[in-house]
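The values are calculated or read from the model by the stated rules, or taken from the named source; none is laboratory data. None of these values were measured; they are calculated from a predicted model. Backbone-built Cβ (ideal geometry, glycine too); neighbour counts: all protein chains shown. Accessible surface areas use protein heavy atoms only, side chains included; no ligands, DNA or RNA. Shrake-Rupley method; radii C 1.70, N 1.55, O 1.52, S 1.80 Å.
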Amino acid sequence: MKLLLTGDSIIARSENHSIPEINFQLQKLNSYQIYNTAISGINSGGLALSLPNLVFNQPKCDYLIILVGTNDLAVHKQVPLQQFEDNLKLIASSIIWRYYPGKVIFVTPPAVDENKQKVRNNLLVQEYSNIIKRVTKEYKFLFIALASKMQASKNFPEIFNGKKNDGLHFGVKGYELLAKLIVQKLNQISN
């Protein structure tokens, strides 16, 4: 199965390997062929403008997985909620010609450890996640509520223990959780 992953640093960064950590964790669970075009720091507007390079000029995959919103909700460079929704709709309407709705999975921004993270909070994560949920429902895309799954985890504070340790970017435990959620969603779809 071929997966195209794109979005921001949560998808782009590596923790302990020469490849993005999410790629490594997914490949531990299944022999996926993974293309990862995520760019650290990108927001929904940047993603919308970069779709030709990040999605359309990539090999056609079985599933497209997008995690966006982490940088839109950061208070020092915040994209207003209405503009974020407009950007998501632009992304959705742009990709639907290449990826049918049942082949697209949107992932919410991650929850944050508010004791360490100073420019994001979980209230904002929830507000932006609600918009992602609404747009994915409208376009009949699939949805993973990463933030709420993280907060429900008994390992919640440990998820962020990694190289950055900044309350946003997570370590191996966070990537294990994200990979597990993606595989669960893929298994639900294919069964």
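For the reader, a short list of remarks on this structure follows.
- Meets criteria (at pLDDT 95 or above, on the phi > 0 side of the Ramachandran plot and among the small types (Gly, Ala, Ser)) for GLY46: no
- ILE11 being touching a strand residue (DSSP E or B) at 6+ places or on another chain (Cβ under 8 Å) and outside any helix (DSSP H, G or I): no
- Under the condition of being within 23 Å of SER40 (Cα to Cα), over 13 Å from the mean Cα position of the chain (by Cα) and basic (Lys, Arg), the residues counted in segment 119-148 number 1.
- SER40 being within 15 Å of the chain's Cα centre (by Cα), within 20 Å of VAL172 (Cβ to Cβ) and of a type outside the set (A, V, I, L, M, F, W, C): yes
- For segment 18-31, the candidate set comprises residues that are within 17 Å of LEU177 (Cα to Cα) and assigned to a loop (DSSP other than H, G, I, E, B); within that set, the residue that is least open to solvent (accessible area, probe 1.4 Å) is PRO20.
- Residue list for segment 38-70, restricted to those being free of Cβ contacts under 8 Å to residues at least 12 places away in the same chain and either open to solvent by 50 Å² or more (accessible area, probe 1.4 Å) or assigned to a strand (DSSP E or B) (or both): LEU49, PRO52, ASN57
- Residue count for segment 57-102, restricted to those that are at pLDDT below 95 and aromatic (Phe, Trp, Tyr): 2
- Out of VAL119, VAL107, one residue alone is under 19 Å from LEU73 (Cβ atoms) and in contact with a His (Cβ under 9 Å, 6 or more places away or on another chain). It is VAL119.
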